[in-house]
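The values are calculated or read from the model by the stated rules, or taken from the named source; none is laboratory data. Because the structure is a prediction, the values reported are computed rather than measured. Cβ coordinates were reconstructed from backbone atoms using ideal geometry, including for glycine residues, and neighbour counts include every protein chain displayed.
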Amino acid sequence: MASFSSSLRGGRGRKFKSEINVVPYIDVMLVLLIIFMAVPQTNDPNVINLPSAERSAAPPDDYIQIVLKPDASLSIGVNGKNPIAAEDAPDRTALLRRLRALHEENPDYPVMISGDRESKYDDVIQLISEAKKMGINRVGLATK
């Protein structure tokens, strides 16, 4: 009879909840989200962080400059006595077409590639390779 009375009071028949309470995790995630939204970015995406080199020669007076920006966008222009303003290229094929046209106009101008320190190594190598295929013998990399 003792066992019957204990089961009526709920002594042994009680079940444990095996659920995870996720409310504290959601609270922490919302606080982190607000912090990341409120803190402004400290770096300017248009600034190119060039790698440094121990010793480098001064760039030539006139050259075609290709810029690989940190956000993977590309631009091309001519620097020197008769500068042509750098224009953004929507993709690599448009950049290569513009490079070919600039090289035909100025066949003696070398190409200077300014890639951000965080740029993909493969992108820079591909640009050098494409410039060499066009017959441009002087291709350089810009450093600080």
Problem set entry | Lone unmet requirement of (1) farther than 30 Å from residue 111 by Cα; (2) modelled with pLDDT of 70 or more for residue 60 | (1)
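Specify the residue that is surrounded by the most Cβ atoms within 10 Å (Cβ to Cβ); the eligible residues are those in segment 111-125 that are outside any loop (DSSP other than H, G, I, E, B) and among the hydroxyl-bearing types (Ser, Thr, Tyr). Steps first, answer last, please.
Filtering segment 111-125 for residues outside any loop (DSSP other than H, G, I, E, B) gives 111-115, 121-125.
Next, only the ones that are among the hydroxyl-bearing types (Ser, Thr, Tyr) stay: 114, 121.
Numbers: 114: 18, 121: 8.
Applying the filter and picking the extreme gives 114.
Take the residues in segment 126-144 that are among the small types (Gly, Ala, Ser) and surrounded by 12 or more Cβ atoms within 10 Å (Cβ to Cβ); name whichever of them is farthest from residue 65 (Cα to Cα).
Within segment 126-144, the subset among the small types (Gly, Ala, Ser) is 129, 131, 135, 140, 142.
From what's left, surrounded by 12 or more Cβ atoms within 10 Å (Cβ to Cβ): 131, 140, 142.
Working: 131: 12, 140: 10, 142: 9 Å.
Top of the filtered list is 131.
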Exercise. In segment 65-99, which residue that is surrounded by fewer than 16 Cβ atoms within 10 Å (Cβ to Cβ) and among the basic types (Lys, Arg) is farthest from residue 109 (Cα to Cα)?
Worked result: 92
Exercise. For segment 86-110, what are the residues that are without any contact (Cβ under 8 Å) to a residue 12 or more places away in the chain, assigned to a helix (DSSP H, G or I) and under 13 Å from residue 73 (Cα atoms)?
Worked result: 93, 94
